[in-house]
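The values are calculated or read from the model by the stated rules, or taken from the named source; none is laboratory data. Since we're looking at a predicted model, the values are computed, not measured. Cβ placement follows ideal geometry from the backbone for every residue including glycine, while neighbour counts extend to all protein chains displayed.
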Amino acid sequence: MTPALLRRAATSGQTAPTVRSVLPGVRLTLGFTIAYLLFLVIVPLSTLFVRTARLGWNGFFDAATSSRALAAYKLSIGTSVTAAVVNGVFGLLVAWVLTRYRFTGRSIADALVDLPFALPTAVAGVALTTLYAQNGLIGALFAPHGIKIAFTPLGITVALTFIGLPFVVRSVQPVLETLPKEIEEVAATLGADRWQTFRRVILPALTPALVAGVSLSFARAIGEYGSVVFISGNMPGRTEIAPLLIMSKLEQYDYSGATAIAVVMLLLSAVILISAGLLQRRATRRAA
Amino acid sequence: MTTFKTLARLTLALALVAPIGSTAAAQEKVTLLNVSYDPTRELYKEINARFAQVWKQRTGQDLEIKQSHAGSGAQARAVIDGLEADVVTLALAYDIDEIAARGKTLPADWQKKLPHNSTPFASTIVFVVRKSNPKGVKDWNDLIRPDVQVITANPKTSGGARWNYLGAWGYALQKNKGSDAAARDFVGRLYKNVPVLDAGARGSTTTFVERGIGDVLIAWENEALLAVKQLGPDRFDIVIPSVSIRAEPPVAVNEAVAAKHGTSKVARAYLEFLYTERAQAIAAKHYFRPTGPRSLAKYGAAFPQVPQFTIDELFGGWSKAQKTHFADGGVFDQIYSTAAR
């Protein structure tokens with residue numbers, strides 16, 4: 001799903017060549033691709049459904065729709081969507097600055113963007129919690145105004161924004177780099193003001209990549225466990241994310257119950273990602 | 001020239017023979033895998049080295065004991081899913097019960113195979129407070145005071161934290177002549193004072209120590225002593241409540257796997273070694289309470305006297321406690337769903 005989005009983002013704007021490849025080995029590579037996907041994606045995900053099927057319809061319904069599970073879906077999806085959208089706005093800004101301006105430390109800033117990719121998530125979680133707890137460097141600034149960040153949904157959103165940022169920047173950046181600066185100048189000479197240039201010229205070209213980046217950021221956030229458990233506080237019904245609920249089911253050896261929640265999350269994520277894909281395709285068509 | 005040739009031939013011959021020699025040596029060597037939980041890493045490192053010496057003296061065999069550490073429940077699931085543990089040494093009997101029930105690699109009555117419920121060394125649940133105890137916390141009933149914040153991990157995800165919960169429950173039960181309703185009310189009020197439920201016991205320690213959140217940390221005694229010693233005797237004190245639960249981290253030979261590896265004998269000897277005075281002394285050094293009467297007499301003085309109840313006495317064993325309190329929809333969930341309403 002998501003690699004497809006990425007690929008589409010990368011080739012957006014150009015019409016994909018449908019000419020037969022000059023290189024041989026279609027069968028070999030196709031065979032490999034299918035086997036690869038089969039063992040790494042299709043079989044593992046199918047066992048998820050098989051395990052859930054053992055519960056029976058009623059058992060599945062009970063496990064998947066308990067009030068705690070519902071609260072967890074709401075929290076997980078709400079914070080993931082918020083984080084992805086925040087990343088959409090600020091990731092675009094970061095990508096813009098990194099490609100359009102030359103300043104000292106630019107390459108360092110560029111390298112820093114990848115850090116959330118590389119950092120073990122538990123390290124990120126501990127570091128963020130230290131900063132955003134009430135006695136933390138940043139948390140202490142907000143605490144006097146009655147704003148608690150760590151151990152609230154806000155804190156979860158902060159962690160998810162952190163881990164999702166590189167996805168947006170790295171999706172948008174290559175497209176921005178290939179976007180000739182001249183078209184902005186052309187737009188200006190044709191009488192467009194700055195806002196119009198951005199909205200009517202640049203944004204449409206960027207939208208497919210931006211949607212792809214935001215989708216990836218969302219997909220990453222929805223499954224995130226390592227960094228969130230430290231900053232969320234894990235209060236039942238309030239700051240329990242869906243992956244934590246899955247862990248707590250596993251801790252009771254309730255494998256089927258755990259997979260029931262996993263299946264719901266999988267379906268909800270699929271729906272959101274497919275909608276994003278459709279949105280992206282529409283945007284691509286409009287851009288072309 | 002000839003000497004050179006002879007030398008070359010000799011070297012070649014040696015090179016060919018050498019691997020055979022080393023395989024023979026490898027067959028002499030025995031390996032055990034001890035799958036354990038998080039805070040026992042240093043303890044078993046020391047015990048393993050000692051037992052390898054003992055085994056070498058006794059049988060002439062080289063013994064290597066490999067260790068694996070993670071959360072108790074995660075380790076049990078790994079063993080059920082096929083991690084080839086020769087012995088398991090986990091934080092609570094329930095996790096080994098589940099290996100017996102699901103993995104079927106050891107018998108259901110595994111806990112009767114070794115003394116003291118298969119628990120070579122035990123611990124208990126105590127409180128860590130800030131230096132000189134500013135909130136004056138002395139016993140469990142101070143934890144439900146509205147001005148006291150309590151730090152403990154989520155018992156649904158942390159095996160260790162289940163002992164904390166049951167400790168509070170047992171105290172209230174004994175204070176109120178066995179009234180479950182009173183115990184439930186007490187535990188409910190205690191968890192109202194918990195601002196953060198970390199996923200694991202170590203996370204709770206971090207919350208209390210590093211973030212400075214909370215007035216009391218409920219912890220295993222061995223972890224509390226270690227934390228206070230490592231993180232600052234000048235910053236924290238330990239408070240021993242009037243009564244507490246006996247935390248029993250049990251051990252067992254994972255019989256089917258040991259039989260397959262041909263290590264049944266050494267695995268059993270290893271666990272029996274844990275009950276010897278030498279091993280008990282190492283355990284006491286790592287702040288676990290010895291269980292053997294002689295070791296207890298020798299090292300018991302280092303540990304404050306505290307009346308302890310066991311999970312079998314008050315809760316009818318782990319399986320029952322797990323089902324009543326920590327299963328989905330159990331008492332712990334009910335406490336939170338009534339609190340949310």
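I'd like to know if region B:260-273 contains one or more residues that are within 26 Å of B:GLU84 (Cβ to Cβ), in a loop (DSSP other than H, G, I, E, B) and either acidic (Asp, Glu) or not assigned by TED's automatic domain parsing to the domain that holds B:ALA321 (or both). The answer is yes, given that some residue of region B:260-273 is within 26 Å of B:GLU84 (Cβ to Cβ), in a loop (DSSP other than H, G, I, E, B) and either acidic (Asp, Glu) or not assigned by TED's automatic domain parsing to the domain that holds B:ALA321 (or both). Here region B:173-216 is the region considered, the condition is being among the hydroxyl-bearing types (Ser, Thr, Tyr) and buried (at least 21 other Cβ atoms within 10 Å of the Cβ), and the residue that is farthest from the other protein chains (Cβ to nearest Cβ) is B:THR205.
Among all positions in region B:278-285, there is no residue which is of a type outside the set (D, E, K, R), away from every other protein chain (no Cβ under 14 Å) and within 30 Å of A:MET235 (Cβ to Cβ). With respect to the conditions (1) within 14 Å of another protein chain (Cβ to nearest Cβ); (2) assigned to a strand (DSSP E or B); (3) not β-branched (Val, Ile, Thr), B:ALA219 falls short on a single one, namely (1).
Candidates B:PHE127, B:PHE208, B:PHE186: the one that is under 22 Å from B:ARG41 (Cβ atoms) and among the aromatic types (Phe, Trp, Tyr) is B:PHE208. Restricting attention to region B:305-321, does a residue exist that is crowded, with 17+ Cβ neighbours inside 10 Å, within 14 Å of another protein chain (Cβ to nearest Cβ) and either closer than 30 Å to B:PHE186 by Cβ or touching a Leu at 6+ places or on another chain (Cβ under 8 Å) (or both)? Within region B:305-321, one or more residues are crowded, with 17+ Cβ neighbours inside 10 Å, within 14 Å of another protein chain (Cβ to nearest Cβ) and either closer than 30 Å to B:PHE186 by Cβ or touching a Leu at 6+ places or on another chain (Cβ under 8 Å) (or both).
Among the candidates A:VAL186, A:VAL169, A:VAL201, the residue that is away from every other protein chain (no Cβ under 14 Å), aliphatic (A, V, I, L, M) and either over 29 Å from A:LEU273 (Cβ atoms) or free of Cβ contacts under 8 Å to residues at least 12 places away in the same chain (or both) is uniquely A:VAL186.
Is it the case that A:VAL89 is modelled with pLDDT of 95 or more and surrounded by fewer than 16 Cβ atoms within 10 Å (Cβ to Cβ)? Yes: the conditions hold for A:VAL89. Say whether the condition of being within 21 Å of B:GLY71 (Cα to Cα), in contact (Cβ under 8 Å) with a residue 12 or more places away in the chain and assigned to a strand (DSSP E or B) is met by at least one residue in region B:140-156. Looking for residues that are within 21 Å of B:GLY71 (Cα to Cα), in contact (Cβ under 8 Å) with a residue 12 or more places away in the chain and assigned to a strand (DSSP E or B), one finds at least one in region B:140-156, hence yes. Any residue in region A:119-129 that is within 16 Å of A:PHE167 (Cα to Cα) and part of a helix (DSSP H, G or I)? Yes; the residues of region A:119-129 include at least one that is within 16 Å of A:PHE167 (Cα to Cα) and part of a helix (DSSP H, G or I). Among residues of region B:238-267 being surrounded by fewer than 16 Cβ atoms within 10 Å (Cβ to Cβ) and not hydroxyl-bearing (Ser, Thr, Tyr), the one that is nearest to B:ASP312 (Cα to Cα) is B:ALA256.
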